[in-house]
1. Quick check, is V96 surrounded by fewer than 17 Cβ atoms within 10 Å (Cβ to Cβ), without any contact (Cβ under 8 Å) to a residue 60 or more places away in the chain and closer than 21 Å to V37 by Cα?
2. Can you find a residue that is surrounded by fewer than 24 Cβ atoms within 10 Å (Cβ to Cβ), among the aromatic types (F, W, Y) and either touching a residue at least 40 places away in the same chain (Cβ under 8 Å) or not in a helix (DSSP H, G or I) (or both) anywhere in the stretch 33-54?
3. Do we find a residue being of a type in the set (D, E, K, R), part of a helix (DSSP H, G or I), in contact with a Gly (Cβ under 6 Å, 6 or more places away or on another chain) and farther than 17 Å from V23 by Cα anywhere in the stretch 258-269?
4. All but one of (1) more than 22 Å from S90 (Cβ to Cβ); (2) outside any helix (DSSP H, G or I) hold for S178; which doesn't?
5. Take the residues in the stretch 16-32 that are within 9 Å of the chain's Cα centre (by Cα) and in a helix (DSSP H, G or I); name whichever of them is surrounded by the fewest Cβ atoms within 10 Å (Cβ to Cβ).
6. Output the number of the condition that W153 fails; it satisfies all remaining conditions of (1) of a type outside the set (S, T, N, Q); (2) under 30 Å from V56 (Cα atoms); (3) modelled with pLDDT of 95 or more.
7. Do the conditions hold for G207, that is, is it under 27 Å from L5 (Cβ atoms) and out of contact with any helix residue (DSSP H, G or I) (no Cβ under 9 Å at 6 or more places or on another chain)?
Amino acid sequence: MDVGLLAVSLYEGLVFGLVTIGVYLTFRVLTFPDLSVDGTFPLGGAIAAVLIVSGVNPFLATLAAFGGGLAAGLVTGLLNTKLRISALLSGILMMVALYSVNLRIMGRANIPLLREITSFDMVARILGVHNGVGLSIGFVLVVVAIFVAGLNWFLRTEVGLALRATGDNEQMVRSLGSNTNKNVLLGCAISNGLVALTGALVAQNQGFSDIGMGIGMIVMGLASVIIGEGVFHPKSITSILLACLGGTFLYRLFLNVALRLGMPPGDLKLVTAVLVIIVLAVPHIRKKVRGEWLPPAVRM
């Protein structure tokens with residue numbers, strides 16, 4: 001296989017792996033179908049781009065994008081916990097609202113960064129190397145390692161364990177004296193913070209921030225989570241986080257190979273949807289073939 005193809009897929013697997021981890025936290029850990037991901041991804045890119053163009057240090061701009069994602073996730077959680085709006089509708093409302101918010105932040109639909117100094121450029125200057133795929137992989141690897149290590153530690157703490165238990169049995173967690181609403185707020189904030197951070201990094205590396213760059217992020221995250229769980233069968237929290245990264249790499253590799261084989265880029269969203277449907281349907285089809293009992297389909 002082409003080395004360049006593997007290198008690009010590795011970079012994309014690492015950087016988009018943060019989105020997958022964020023999606024895993026809400027969908028799997030909290031059982032919270034948060035669709036605001038499609039809005040917080042371009043939010044991170046918008047905040048970082050505007051600040052960098054304004055002369056702010058790109059590292060600080062990236063951290064500000066992470067903070068913006070935390071705030072957006074917090075609002076999504078508040079809609080659910082305080083206003084009692086369903087989790088699914090809360091995410092949809094936030095995603096719709098963020099489209100206008102992102103336009104307000106950027107002032108237009110697209111902000112170019114090709115002539116600006118980004119985080120990748122600064123790292124290249126510090127190390128005295130050329131800003132290429134190798135540097136992008138190295139820089140993103142360090143960022144991902146920091147956040148994965150931090151999450152791995154946090155999810156083993158008392159607060160992290162309570163957060164993980166909230167999605168499994170909320171009533172039990174409440175009976176033990178833990179505030180499940182705070183757990184939901186914390187999980188949504190961390191999830192969207194990671195997504196916005198990814199948006200900031202992607203915008204800087206590709207050289208522009210665009211209002212539509214977040215379309216399909218939630219589907220990509222879910223597909224990567226499902227692939228990671230199906231291929232690696234993780235058991236511990238460490239293996240789960242690594243499986244998210246591995247699933248994202250395999251997903252991006254699959255798409256890149258499809259593009260190399262001549263598939264039109266416009267068909268990739270359809271291919272992604274079909275891939276997710278197949279992965280989700282296979283276990284149920286196996287049970288049906290074996291004659292096992294199947295529960296009714298989930299409506300909400």
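1. On the way: surrounded by fewer than 17 Cβ atoms within 10 Å (Cβ to Cβ): yes; without any contact (Cβ under 8 Å) to a residue 60 or more places away in the chain: yes; closer than 21 Å to V37 by Cα: yes.
The answer is yes for V96.
2. Taking the stretch 33-54 and keeping what is surrounded by fewer than 24 Cβ atoms within 10 Å (Cβ to Cβ), we get 33, 35, 50-51, 53-54.
Next cut, among the aromatic types (F, W, Y) only: none.
Checked the stretch 33-54: no residue is surrounded by fewer than 24 Cβ atoms within 10 Å (Cβ to Cβ), among the aromatic types (F, W, Y) and either touching a residue at least 40 places away in the same chain (Cβ under 8 Å) or not in a helix (DSSP H, G or I) (or both).
3. Let us first name the residues in the stretch 258-269 that are of a type in the set (D, E, K, R), namely 260, 267, 269.
The next check asks that each one be part of a helix (DSSP H, G or I); those that pass are 260, 267, 269.
Of the ones still in play, those that are also in contact with a Gly (Cβ under 6 Å, 6 or more places away or on another chain) are 269.
Narrowing the set further to residues that are farther than 17 Å from V23 by Cα leaves 269.
The answer is yes, given that some residue of the stretch 258-269 is of a type in the set (D, E, K, R), part of a helix (DSSP H, G or I), in contact with a Gly (Cβ under 6 Å, 6 or more places away or on another chain) and farther than 17 Å from V23 by Cα.
4. Looking at each condition in turn, S178 falls short on (1).
5. Start the filter on the stretch 16-32 by keeping residues that are within 9 Å of the chain's Cα centre (by Cα), which leaves 16-24.
Within this subset, residues satisfying the condition of being in a helix (DSSP H, G or I) are 17-24.
Working: G17: 29, L18: 28, V19: 29, T20: 32, I21: 29, G22: 32, V23: 26, Y24: 24.
Among them, the one singled out is Y24.
6. (2)
7. On the way: under 27 Å from L5 (Cβ atoms): yes; out of contact with any helix residue (DSSP H, G or I) (no Cβ under 9 Å at 6 or more places or on another chain): yes.
So G207 fits the description; yes.
The values are calculated or read from the model by the stated rules, or taken from the named source; none is laboratory data. Just so you know, these numbers come straight off a predicted model, no measurement behind them. Quick reminder, even Gly has a Cβ in these numbers, built from the backbone with ideal geometry, and neighbours come from all protein chains shown.
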